[in-house]
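Comments concern the structure below.
The values are calculated or read from the model by the stated rules, or taken from the named source; none is laboratory data. For clarity, every value in this text was computed on a predicted model and none was experimentally measured. Cβ coordinates were reconstructed from backbone atoms using ideal geometry, including for glycine residues, and neighbour counts include every protein chain displayed.
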Amino acid sequence: MKTDVAELQLLYRAISASNNGITISDMRRAGRPLIFVNQAFTQMTGYSSEESLDRNCRFLQGSDTGQPGIQVLRDAIAAGGEATVLLRNYRKTGEPFCNELSISPVRDDSGTLTHYIGVQHDVSVREAAASEIRSLNLRQTEQALEMQVKNEALEAFSNSASHDLRAPLASIQGFASMLGRDVSLANSVRAKYYLSRINANTLHMSELIEALLNLGKTAAGTLNLVSCNVSAMATNLLASYAAGNPARVVKVRVQEGLFVMADRPLFERVMENLLSNAWKFTSKTGDAFIEVGSEIDQDGGVVLYVKDNGAGFDMAEADKLFAEFSRLHPTTEFEGTGIGLALVRRVLQRHGGAIWAHSKPEEGSTFFFRLPGSRDDAAPTS
């Protein structure tokens, strides 16, 4: 089909006005020089059309000729085919930029290759962002590997320390047991008292070792997030406490429809510690009650809570609440290791959550906590 002059002028104006850099190389001439560059090309490179024409386009790479993309272009041209590559080109100022170049062959009516058209995009911003993402991913991978090594070392140390500490404890318990069977001490009130204290303290030491191991495990491993039914978990735990303490009467209320996205074994430790504390600290309270529920915060998010009317504590000491081995009540009043709430906070923080508390002495405590993905099917949805 014959093309008239008006159509050729329109085609020329369209190519010249394109936002993409467009070049045409003459494959019939020595050196395959450029015979056309549009305005977008001159703006991209800083070279005027006069400075670019009659030169091979590889002048944009200068001496940087070892790039993989250059060999891909050579192979494509040798085969008379198409190619798209990323090249590091240089503007007239010497500033490098990342050029995404696509080349396409042009043939005459006989099929002879006569020209190549190049379409060019400055993708420096895109590639810089991609490089930053790759760097971030690499750093995250390195940090994850470093954390894995630390966790493995911590676990190895914990297991070793546990073994080394439990061995002398077992020996102490064994000798205390033999002393208790000694005929000469059988009727000694003082000896029996001393032995009871030895047994009580070795038992407490065993509990501390186990608590420390559990605390260490909360920082190790990969989180496996699943939907956890908080309501069912709380109901089952409170029922087990009631079954183990049939003499106690505790009023409980568990809101239905409470869910979180969490690592189930770790989150079970959260609920076990919070509810066992509520059960323990209401043991000296008449008309004891424990409540598990939720409320909507000022940002519209769901906050879960465990509430009791037990011993409570002074908020002036709240900063000690989640610290390891920190106790707000003496062991003679309420037993425990001082590890439970530290474990709770560590688990919630690993999930990207948080915990805080409100309390008054002799008026009970409320522990609030939030996790990403918390859901309350019964909450109002205004």
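A compact table of results
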read-out: Contacts under 6 angstrom Cβ, first residue in the range 68-92 being free of Cβ contacts under 8 Å to residues at least 60 places away in the same chain, partner polar (S, T, N, Q) and in a strand (DSSP E or B), 6 or more apart; value: E82/S104; T84/S102; L87/N99; N89/N99
read-out: Flag if L60 is in contact (Cβ under 8 Å) with a residue 12 or more places away in the chain, in a helix (DSSP H, G or I) and of a type in the set (A, V, I, L, M, F, W, C); value: yes
read-out: Of the criteria (1) of a type in the set (K, R); (2) modelled with pLDDT under 85; (3) in a helix (DSSP H, G or I), which one R327 fails; value: (3)
read-out: Top-ranked residue in the range 93-117 [being without any contact (Cβ under 8 Å) to a residue 12 or more places away in the chain and hydroxyl-bearing (S, T, Y); ranked as surrounded by the fewest Cβ atoms within 10 Å (Cβ to Cβ)]; value: S110
read-out: Candidate set from the range 364-378 (those that are surrounded by 17 or more Cβ atoms within 10 Å (Cβ to Cβ) and assigned to a loop (DSSP other than H, G, I, E, B)); member that is modelled with the lowest pLDDT; value: S374
read-out: Matching residues in the range 257-277 - criterion: being among the acidic types (D, E) and either surrounded by 19 or more Cβ atoms within 10 Å (Cβ to Cβ) or modelled with pLDDT of 95 or more (or both); value: D263
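Conditions tested, residue by residue: (1) outside any helix (DSSP H, G or I); (2) at pLDDT 75 or above; (3) among the hydrophobic types (A, V, I, L, M, F, W, C).
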| position | (1), (2), (3) |
| --- | --- |
| G293 | yes, yes, no |
| Y305 | yes, yes, no |
| A318 | no, no, yes |
| T331 | yes, no, no |
| G336 | yes, no, no |
| G352 | yes, yes, no |
| E362 | yes, yes, no |
